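Colleague: The structure that follows is given in the form of structure tokens.
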Amino acid sequence: GAHGEGAHSGDARAGPAELCELGVTEVVGAGRFFCQRANTGGDRAAWLHSQLQTLSPNVSRVGFEPRKGALVAGRFTGDDEWYRCVVVAVMGARGSANEAYVVHYSDFGNGETLPRDRLAPLAPELASTPPLAHLCVLSHVAFGASGRATEHASAAEALFASLVSGGVAMNARIDERRRAPDAPWDPDAAPEWHVTLGGDFGDEPGGADREGADREGADREGA
């Protein structure tokens, strides 16, 4: 079943910074967010979405038991479309009035609670693609968490959310990679990528002089 980060949370992968385009799909808070790669991720997301709408409504539910940790298809209440999701928790007894399933949409990073009739088995060919949403944190940006800093932190988080809303692709630099968390929905999950967003990285010579560039990125993000 799904479990927390454990001892692997500090396994950083060495290597130069990677310049790419990312689309933010869900803002978690405190500089943490989920994103997809804009190029390959977008194409794969479109293919998965098309397949899910075709297969999920008609799939047999005989013997289907959505247990905690299972990867299933969930019908999102926001648009009544089907998406891949992980069952995070099961609430209520089977067949009872309060039976419900807490899910995490693995390709976008958001979650909700669904009744059983909005879940379906996931076709094996759709389960093999790794999650498209990566849990990230802003590089070199700290959000206050207590005392007087709370009000400013809330304002900063609201500004960040407004700047990245809509999933529009933006220039980004992945400064550090770590092992993907087993339970990215967990508030204590360690982010997979440390990212600088929205910079003009066109003149950077393949990640050289990263320290100076990082300072510029921090200034832009903290503005």
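Colleague: Using θ = phi - 60° and the Karplus relation 6.51 cos²θ - 1.76 cosθ + 1.60, list the HN-Hα couplings for the stretch 94-108 in order, rounded to whole Hz, with x at every Gly or Pro.
Modeller: Ordered by residue, 3J(HN,Hα) equals 4, x, 7, 5, 9, 5, 7, 10, 7, 10, 10, 6, 6, 9, 9 Hz.
Colleague: Taking H placed 1.01 Å from N in the peptide plane, check which residues at least 5 places from ARG179 or on another chain put their amide H under 5 Å from its amide H.
Modeller: Result for ARG179 returns ASP11.
Colleague: List the residues, sorted by chain then number, that are 5 or more residues from ALA142 or on another chain and whose placed amide H is less than 5 Å from its amide H.
Modeller: none
Colleague: With no solvent and one point per C-alpha, what does the Debye sum give as log10 I(q)/I(0) for the stretch 65-127 at q = 0.16, 0.30 Å⁻¹?
Modeller: The calculated log intensity ratios at q = 0.16, 0.30 Å⁻¹ are -0.44, -1.43.
Colleague: Something else about it: Assuming R0 = 41 Å, can you tell me the calculated FRET efficiency for the pair ALA100 and GLU18, based on Cβ-Cβ distance, to the nearest 0.05? Before the final figure, lay out each step's value.
Modeller: Details: r = 40 Å, r/R0 = 0.97.
So, using R0 = 41 Å, E works out to roughly 0.55.
None of the figures in this text is laboratory data; all of them are computed from the coordinates on show. As the structure is a computational prediction, the values presented were derived from the model and not from experiment. Because the Cβ atoms are built from the backbone with ideal geometry, glycine has one as well, and the counts that use them run over all protein chains shown.
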